1. Return the total of residues in the range 1-12 being exposed (fewer than 14 other Cβ atoms within 10 Å of the Cβ) and touching a strand residue (DSSP E or B) at 6+ places or on another chain (Cβ under 9 Å).
2. Filter the range 21-36 for residues that are in a strand (DSSP E or B) and over 11 Å from the mean Cα position of the chain (by Cα) and give the result.
3. Residue 35 passes all but one of (1) out of contact with any strand residue (DSSP E or B) (no Cβ under 7 Å at 6 or more places or on another chain); (2) surrounded by 15 or more Cβ atoms within 10 Å (Cβ to Cβ); which number fails?
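No value in this document is a laboratory result; all are computed from the given coordinates. Note that this is a predicted model, so its numbers are computed, not measured. Positions of Cβ are backbone-derived with ideal geometry, glycine not excepted, and every protein chain shown enters the neighbour counts.
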């Protein structure tokens, strides 16, 4: 059973948290909510 994660904020911090969470558990389904037009990208 996969888990859903919602991250509020698509800036550098939100993208970094999403990347780290996915590294820790590849089965996670991650959604990022951002109110602006642009989001950050973390690798």
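1. Within the range 1-12, residues that are exposed (fewer than 14 other Cβ atoms within 10 Å of the Cβ) and touching a strand residue (DSSP E or B) at 6+ places or on another chain (Cβ under 9 Å) number 5.
2. Here is the first cut: in the range 21-36, the ones in a strand (DSSP E or B) are 29-33.
Of everything in the range 21-36, nothing turns out to be in a strand (DSSP E or B) and over 11 Å from the mean Cα position of the chain (by Cα).
3. (2)
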